[in-house]
Each structure stands twice: as structure tokens, then as C-alpha cells.
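Student: Questions regarding the structure given below will be posed in turn.
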Amino acid sequence: MSSSVGWGEAAFLGLIQGLTEFLPVSSSAHLRILGPFLPSGTDAGAAFTAIVQIGTELAVLLYFRKDIYRIAAAWITALFNPAVRNDPDVRLGWLVILGSFPIAILGLLFQNAIETYLRNLYITATMLIVFGLILGLADKVGKQTITLDKMTWRDGIIFGFAQAMALIPGVSRSGGTITAGLLMGYTREAAARYSFLLAIPAVLASGFYQLYKSWGVEGPVSHGATALAAGISFVVGYGVIVVFLRIVSSKGYWPFVIYRVILGMGVLALLMLGIIAPH
């Protein structure tokens, strides 16, 4: 058994990251679960996961570039022109900033736990099942009438704490924010689009922080292989955004609920049979 993740394995993980980052199925859970099945049998680690997510967030920046430019332009204009401060795009800009604080603060406070025992596969599998069922409930009972231009400050804070739950592998960043949005009455597409926008500051900050911290430090994945994985996640992730928004508009979230429950139960079965280890 090798002690490090090879280039081919890193490329495969980049593909999985791109396929799962924007779906409410937890990309970090998939990368964690797949570790024991790689030829090296190695968990790529939390730092690799955070850095590779830079690629998928660059896909978000590209896909939502017009929305981001409009929101940023309105927010900057409002700093100097009080007359436009009630613009929904200005409020949305502030809400993205406000909603990014919970995951940033909790991520720093619990960094050691996030990188160690919270990566226990029993926890990951349980979170996949529990939060998958909560997503299904939210999709069924949510009123789905509120659009992004009606978002309140209270809702922005709730979205932020929902995103912070994704620090635990298996919860899913998009799954947490989408579930919260549905429970508060937002439409499926509004909840999904906001989850993409809200993730930008948190994911990029986390990824570049881990890149800085791990630079020059030998880890399970080389810098070159990590860059390859990030590049693949960017290309694949862009395509997934397009398809995901179409699925959500027509079919809802139940396909992802079923997938999460099956995957979680499968991982628990493998753990109980001793085929894979929890750490």
C-alpha cells in the first residue's frame, strides 16, 4: 500500500469533486468515502478537499458572472449613494457577506476537529442519511413561494448557519443551505442559486487558506496532482451547475434524497462488516 495519492487517483477525485460539489449529496463525504478504495488506500485529507474546491468555485464565478457583477456593482454603488441602498441586489450582497461569517468563525474554532475525528466514516454515513431525510421533508412541506429579492436579514443569518453545518462531512454545503431555504419557504431554484452565491467567499477563503498553510509541506497528495484535480473539478463542475438547475426546476430534490440514504446505508454496512475502517 502506498502512503500517497497518485496523479491518476487525484484526477479521479477531482472528477468526483466536480460531479458532487453542487449537488446536495456532500462532495467532502464522497472524497472521504472513496479514500479507502483508492489503490493507495489513502484519505486525501481535508486540506486537499478544500483546495480542490477552488476549482468548482471558479466554475460558479464563471456561470454566475453576470449575477455576481450586478450584485457587486450595486453593493459598491450603495457605499457612496444612499439612494440605492434599498436595492434588492445591495441587500443580497450584504447578506452573502453576513452569511459567510458563521462558517468562517466555526471553521477556525473547530479546525482540529474538522480535520480529525469529524472525518470518522460513521459520522459521515449518519449525516448523509439524516440530512438527506431532512432535505426530503423540506422539499415536501416547503411553501416554495419566496424569491431571492424578498430575502430578509433573519433569513440570511439562518442560511449562513445552515451552510456552516457542512463543516461536518456528509451534511453538504449546498444541501444544508437548500434545506434551510426550502423550510423558510423559498423556491427550489432560489434556494439553489443562493447556495451557490453564498458558498463563494467561504469556499475560496478556505481553499486559499489551506493552500497557504500546506505550501511546502509534504502531504498525501502532491501540489501538482492537487492542481490537476482542481482543474478537472472546474471543467466538470461547470457542466453540473447547468444540469442541476434544470433538474431542480422540474423534478425537485427527491432523487438526491434517495441517493444519500442508499449511500449512507451502504457505507454503514461496509463499516459493520469490517470492509472499511472508520478512520
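Student: By average Cβ neighbour count within 10 Å, what is the ranking of 49-56, 216-223 from highest down?
Tutor: 49-56, 216-223
Student: Among 111-119, 264-272, how do they line up by average Cβ neighbours within 10 Å per residue, starting with the highest?
Tutor: For the peptides 111-119, 264-272, the packing ranking is 264-272, 111-119.
Student: Starting from the Cα of K150, draw a straight line to each of the lysines and keep only those under 29 Å, dropping any in the same chain fewer than 8 residues away.
Tutor: List returned: K66, K140, K251.
Student: Out of residues 5 or more away from V221 or on other chains, whose amide H comes under 5 Å of its own, with H placed 1.01 Å from N in the peptide plane?
Tutor: Close amide H contacts, sequence-distant or interchain: V5.
Student: Helix 46-63: angle to the longest alpha-carbon principal axis of the chain, degrees 0 to 90, nearest 10?
Tutor: With rounding to tens, the tilt is 40 degrees.
Student: Cut-off under 18 Å on the C-alpha distance; same-chain residues fewer than 8 positions from K213 excluded. Which aspartates and glutamates are left, in chain and number order?
Tutor: Filter leaves E115.
Student: What is the ratio of the Cα radius of gyration of the chain to 2.2 N^0.38 Å, with N the residue count, to two decimals?
Tutor: Cα Rg divided by the expected 2.2 N^0.38 Å: 0.99.
Student: Right, something else. Which whole-number value in Å² is the accessible area per residue of the chain, probe 1.4 Å?
Tutor: Spelled out: the 1.4 Å probe surface of the chain, per residue, equals 46 Å².
Student: Quick check: the angle from helix 7-20's long axis to the longest principal axis of the chain, C-alpha only, nearest 10 degrees?
Tutor: For helix 7-20, the angle is close to 40 degrees.
Student: Okay, moving on. Sort region 178-279 into rounded, prolate or oblate with this rule: let a ≥ b ≥ c be the square roots of the eigenvalues of the Cα gyration tensor; rounded if a/c is under 1.5, and if a/c is not under 1.5, prolate when a/b is larger than b/c, oblate otherwise.
Tutor: Note, shape of region 178-279 comes out oblate.
Student: When a/c is below 1.5 the answer is rounded, else prolate if a/b is larger than b/c, else oblate, so apply that to region 103-158 with a ≥ b ≥ c taken from the square roots of the Cα gyration tensor eigenvalues. Intermediate values should be presented prior to the final figure.
Tutor: Values: a/c = 5.26, a/b = 1.46, b/c = 3.61.
Note, shape of region 103-158 comes out oblate.
Student: Just want to confirm a number: the relative contact order over the chain, from Cα pairs under 8 angstrom separated by 6+ residues, in percent.
Tutor: Reported relative contact order: 35 percent.
Student: Here's a follow-up. How much of L108 can a 1.4 Å solvent probe reach, expressed as accessible area in Å² and rounded to 10?
Tutor: Counting only protein heavy atoms, the figure is 120 Å².
Student: Let me ask something else about it. Add -39500 (n - 2.57) for each DSSP H run of 4 or more in the chain, then divide by its residues: what number comes out at 222 nm, to the nearest 500 deg cm²/dmol?
Tutor: Only helices count here, giving -24000 deg cm²/dmol.
Student: In region 120-155, which trypsin sites (Lys or Arg not before Pro) fall in coil by DSSP and have 14 or fewer other Cβ atoms within 10 Å? Present the calculation step by step, with values, prior to reporting the outcome.
Tutor: Numbers: sites: K140, K143, K150, R154; in loops: K143.
When the trypsin sites (Lys or Arg not before Pro) of region 120-155 are filtered for loop state and at most 14 Cβ neighbours within 10 Å, K143 remain.
Student: May I pose another question? Go through region 229-242 residue by residue and turn each phi into a ³J(HN,Hα) via Karplus (6.51, -1.76, 1.60, θ = phi - 60°); whole Hz please, and just put x for glycine and proline.
Tutor: Computed from phi, the couplings for region 229-242 are 4, 5, x, 5, 5, 5, 5, 5, x, 4, x, 5, 4, 4 Hz.
The values are calculated or read from the model by the stated rules, or taken from the named source; none is laboratory data. Since the model is a prediction, treat every value here as computed from it, not as a measurement. Every residue, glycine as well, gets a Cβ built from its backbone with ideal geometry; the counts of neighbours run over all protein chains shown. The protein model used for the area step is the full one, side chains on, heavy atoms only, and it has no ligands, DNA or RNA in it. Shrake-Rupley method; radii C 1.70, N 1.55, O 1.52, S 1.80 Å.
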